[in-house]
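What follows is one structure encoded as structure tokens, with my remarks underneath.
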Amino acid sequence: MITEGSDISLELAHKLLQFTDTDIFLTGKAGTGKTTFLHHLRENSPKRMVVVAPTGVAAINAKGVTIHSFFQLKLTPFVPGTKPGNEFFRYSKEKLNIIRSLDLLVIDEISMVRADLLDAVDHVLRTLRRNVLPFGGVQLLMIGDLEQLAPVTKEEEWSLLSTHYESPFFFDSQALKKTSYVCIELKTVYRQSDEHFINMLNRIRENKVNHALLQELNQRYQPDFHPQNEEGYIVLTTHNSQAQRINNNQLSKIVDKSYHFTATIKGDFPDYSFPTDQFLELKKGAQVMFVKNDLSSEKRYYNGKIAIITHIDETRIEAQGKEDDHPIVVEKAVWSNMKYSINPNTQELVEEEEGSFEQFPLKTAWAITVHKSQGLTFEKAIIDAGSSFAHGQVYVALSRCRTLEGLILRSPITPHSIIRSGSIDSFNRYISDHVPKEQQYHALRKDYFVKMVLEQFTFDGFTPRFRTMLWLLNEHFKNLYPELISRYRRDEESFRNEIINVSDSFLLQLQRLLLQTNHPEEEPFLQERIKKGALYFLEKSQQILQALLNSSAIETDNKEVRKRVNEVLSHFKTEVRQKIKTLEACLDGFSVPIYLNAKSKATVEVEEKKEKKKKSEKQSEPMEKEEGKKGRRNPAVQDSVQKVAVSEDILHPELYEKLRSWRFALAKKQSVPAYVILSQRALIGITNLLPQDLEQLLQISGIGKVTASRYGQDILNMVKECVHLHGYAATPFRNKA
């Protein structure tokens, strides 16, 4: 909720994110509440969203994950026109579901995101979502201040990228240029309350520095200032070497024993790329910072995390941060120095390791670089930024402080210290030309409402599912499931006549009504038509689509076919569930937030059901192994002692279950797959044909002399028992199943 006195731009940003799908660049000076806005959005947005950031520190501050981690990108340049390796798209089913159901992608600290990285994200989203729109149709919220730190670009990487990009900044991304994103600038500064200090920072930010401003700022220059540890000062420097000198001095003041750890370096790993000291000296009580993310499942630390050494000896280091309940046992980590090139024949990006660096992922941290401080706030800071070398360094360093009085300069600020990129000046003009007005917001809101309403009552996406299922059934199950194939054909015709044809007519009616109003959410007649349409299509979806899928119990011993059937049925069921849940949400009228919330919940509920099923299966008797591997399979396409829905092609379901249970128990006892005991084709043949003797049993496809000899009498006994118990009618025995 936007409170009185809040920046009016905040309210506009919230409305655009809630009621439109337009991409947004949200900017503002340091301390204007960009991170607070993000936290509020996460708690209140009806959209399915993910928050990412370019660095570990930024990701932690945004309560998100790094871009590379979420999208599983390698630390390589993404060169437009090249083909990523196969490892580029190795995602778990859970990650795929998240990406394919995503409504909103938030990228925090966008100023540090390089243009090619944004294009890599676009490539992943378009590919995995099977959507040709930029970023796969996902709405983007990019948060950051371009007057702060710029993206890091090594010389050898820029040599690959410079022919494709005007600058390394995110706004020169090829994918972003294909979108019509709007820009919103937050104006109210919350971090600093001193108007005079805010004005000084703004002038530095905008490179409007004069002699008087520098003279006043440099009154904070105190080169001989040496605070005590308990005063809580942290030193911000522009260079790693400066921070290291300060840290070495502080370390020498600790009287405990020093321990030294030498890095293991293999191949070519230049010293300017060392992530920490080659010869690392630490003591108990030293303040340290982790310099690598914890790659284990525990995620105990991240790049930039501050901690204190609580235990140290020749082989073991333990460190504990303020937020940690227990010390972290620190293990050595390995970094690789990679060389990148483009294969002229395949146009693939080739990656080759030239060297490696192994060391404990720590460095002393009484002082940190300005780059590591972005997103942080300090009550007291000593700033050594006179030797700045990159765009935005001085502004970022100074704006970390809440007050001018809490700021001490270790080196004076000169005009040469304040570095600015010409690309930023050009983009600032773009920002001023693309600030959305209230009228534009209302147009975007209506466009999104129309898009979502039409999406709700569009059913064309189910047609390919029918065709794929019919193809699979005809190709692999023609003899086993003739009745199910007939039902798919009948239901496809019913679906076409009672849903698709009616939907086409209803959509035309909705479009005419939508053209007649500027405020469709408030139009009574339109909403009444939506309610009636939702009721009709809900009933038809349940009667045709849901009922069909409930009866689609398909079993096969062929692992590849089973995998394909599982995949198609899983997508089909998820889409039907989403459609039914969103139609239910429209019974009282259509609202974009309610629609998105219902769609999101339907997806989450599907995943939760799968997870509960997995847990219950683990607690009950274990599933059989398929060719020595545990199968994570759809229960409708698997063998187990648990009851599953039986296809209408199974004429005698009690016998079918008895044979399945017997087969499963025997397979488990012999430690073999179930199909080794009895194939699925044979199982259905016995169930439907009710053989009365070995001669009839041998006529069933899948029953050979060895099977008949080993298990024939047991099978016949089960058949006779079920015939007697359930009173099965006599079945004319056909020559072959």
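The values are calculated or read from the model by the stated rules, or taken from the named source; none is laboratory data. Just so we're clear, the structure is a prediction, and the values are computed from it rather than from any experiment. For neighbour counting, all protein chains shown are included, and Cβ atoms are generated from backbone atoms with ideal geometry for every residue, glycine included. The area values use the complete protein model at the heavy-atom level, side chains included, leaving out ligands, DNA and RNA. Shrake-Rupley method; radii C 1.70, N 1.55, O 1.52, S 1.80 Å.
Worth a mention:
- Per-pair calculated FRET efficiency, R0 = 22 Å: Ser296 and Glu354 via Cβ, rounded to 0.05: 0.25
- Spin-label model distance (nm) - Glu455 vs Ile431, 7 Å beyond Cα toward Cβ: 3.0
- Of the residues Thr276, Thr76, ranked by 1.4 Å probe accessible area with the largest first, the sequence reads Thr76, Thr276.
- Heavy atoms of Thr127 accessible to a 1.4 Å probe, total area in Å² rounded to 10: 60
- Both numbers refer to the Cα atoms of segment 460-549; Rg and Dmax are 17.2, 57 Å.
- Equivalent-ellipsoid semi-axes of segment 86-135, from the Cα gyration tensor, Å, largest first: 19, 13, 12
- Counting charges near Glu498 (Lys, Arg +1; Asp, Glu -1) among other residues having Cβ under 13 Å from its Cβ returns a value of -2.
- Accessible area in square angstrom per residue, segment 165-301, 1.4 angstrom probe: 56
- Rounded D (µm²/s) - segment 211-260, Kirkwood Rh over Cα pairs, Stokes-Einstein at 25 °C, 0.890 mPa s: 181
- Here the extension length gained between Asn218 and Lys178 equals 9.9 nm, from 0.36 nm per residue of separation less the Cα-Cα distance.
- Per DSSP, loop trypsin sites (Lys or Arg not before Pro) in segment 274-321 with at most 14 further Cβ within 10 Å: Lys299, Arg316
- When segment 681-731 is reduced to its Cα atoms, the Kirkwood hydrodynamic radius in Å: 10.9
- Within segment 23-43, backbone nitrogen closer than 20 Å to the virtual label 7 Å beyond the Cα of Asp447 toward Cβ: 23-27
- Accessible surface calculations at 1.4 Å, restricted to protein heavy atoms, place segment 404-556 at 51 Å² per residue.
- Exposure check, 1.4 Å probe, all protein chains in place: Arg490 carries approximately 120 Å² of accessible surface.
- Two-decimal log10 I(q)/I(0) for segment 396-483, as the Debye equation yields it once each C-alpha is a single scatterer, q = 0.16, 0.21, 0.24, 0.26 Å⁻¹: -0.93, -1.07, -1.15, -1.20
- Exposure of Thr458 as accessible area (Å², to 10), given a probe of 1.4 Å and all protein chains: 50
- Computed log10 I(q)/I(0) for segment 416-568 at 0.08, 0.11, 0.16, 0.20 Å⁻¹: -0.45, -0.66, -0.93, -1.19, from the Debye equation with unit scatterers placed on every C-alpha and solvent omitted.
- Simple label model, 7 Å out from Cα along Cβ direction - Glu539 to Glu281, nm: 8.4
- Ranked from largest to smallest solvent-accessible area, with a 1.4 Å probe on the protein heavy atoms, Asp588, Asp425, Asp271, Asp324 come out as Asp588, Asp271, Asp425, Asp324.
- Residue-span extension gain [Ser671 to Thr463] - 0.36 nm each, minus C-alpha spacing: 70.7 nm
- Kirkwood hydrodynamic radius of segment 75-228, Cα pairs, Å: 18.8
- Spacing of the modelled spin labels on Thr264 and Tyr91, each 7 Å from Cα toward Cβ, amounts to 3.6 nm.
- Convex hull projection area averaged over all views, segment 497-547, Cα basis, nm²: 3.6
- Calculated on the alpha-carbon coordinates, the convex hull of segment 137-224 measures out at 190 cubic angstrom per residue.
- Rolling a 1.4 angstrom probe over segment 166-218 with all protein chains present gives an accessible area of which 45% lies on carbon and sulfur atoms.
- Three-way shape label, segment 104-172, alpha-carbon gyration tensor, a/c 1.5: oblate
- Accessible surface, 1.4 Å probe, highest first, among residues Met469, Met49: Met49, Met469
- Separation of alpha-carbon centers, segment 25-49 and segment 102-132, rounded to whole Å: 18
- Along its three principal directions, the equivalent ellipsoid of segment 175-264 from the Cα gyration tensor extends over semi-axes of 37, 25, 14 Å, largest first.
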